[in-house]
């Protein structure tokens, strides 16, 4: 990680159609080479933040800068700035069906670098490299809409990898993935971090945070930045996680003493645990979250 500031937000707000608030009074900065997690419950503004960082939306209040340049509609009207920014920053959407639209995987992966006016030979080399890196060579001629959820996720990542971005924006990347695919994705994020890339992951899956991020931003249900800090410190703050609806208080009674108390549980991923149901400890309550 170096000292270059990639993103800087100052008192940023965004409202859909000027009415539905998505973010309020957000100020933060992200340095080059950081691995960052953006936490929040559904509707807290995580996805909106990534779209603002990617220049798909523009702040309705406040200032967003990327590499020192303010992100505005006027800035992206300049082709030179637009091309330079798109080479450096890549977004992988939560819903891969929104991102994948080409007739074949190869065409999907070639589309973005072709928009950057790269030569055919360079485009082919980048696509081949990304196919190998994501281990999806066998999918080269398949139609994206016929792939499994995990395969679609790899193709979406590969299509961004062809841009060789400096910054990865990942929106709920583990959604719909089986445990093996989740493990692979976590390794992929770690590899990008080791390569010096900036990786910003929006998620509400607390189980992956310490593996994918060094620093965490937490958004509450009123769309404010509630906290920021080291991943370990944030994950240990049960009060914060409860307040931001990232975990819930589970009430149970100890069989030995009959005492009742609560302790926090994060929402994802699904898991089971067992508690004695009564003071005699004769039955067990198996719960899934």
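Laboratory data are not the source of any read-out in this text; all were calculated from the coordinates shown. Here the structure is a predicted model, which means the values were calculated and not measured. Using ideal geometry, Cβ is built from the backbone for each residue, glycine included, and neighbour counts are taken over all protein chains shown.
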Gain in span if fully extended, residue 3 to residue 15, counting 0.36 nm per residue against the direct Cα distance:
1.2 nm
Provide the FRET efficiency to the nearest 0.05 for the residue 29-residue 184 pair, computing r from the beta carbons and using R0 = 22 Å.
0.10
Of the peptides 143-152, 191-200, how do they stack up when ordered by the mean number of other Cβ atoms within 10 Å, highest first?
191-200, 143-152
Mean Cβ neighbour count within 10 Å, used as a protection proxy, ranking 69-78, 133-142 highest first:
133-142, 69-78
In nm, give the distance between the simple-model label positions of residue 214 and residue 237, each being 7 Å from the Cα along the Cα-to-Cβ direction.
1.9 nm
Counting only C-alpha contacts under 8 Å and six or more residues apart, can you give the relative contact order of the stretch 5-243 as a whole percent?
28 percent
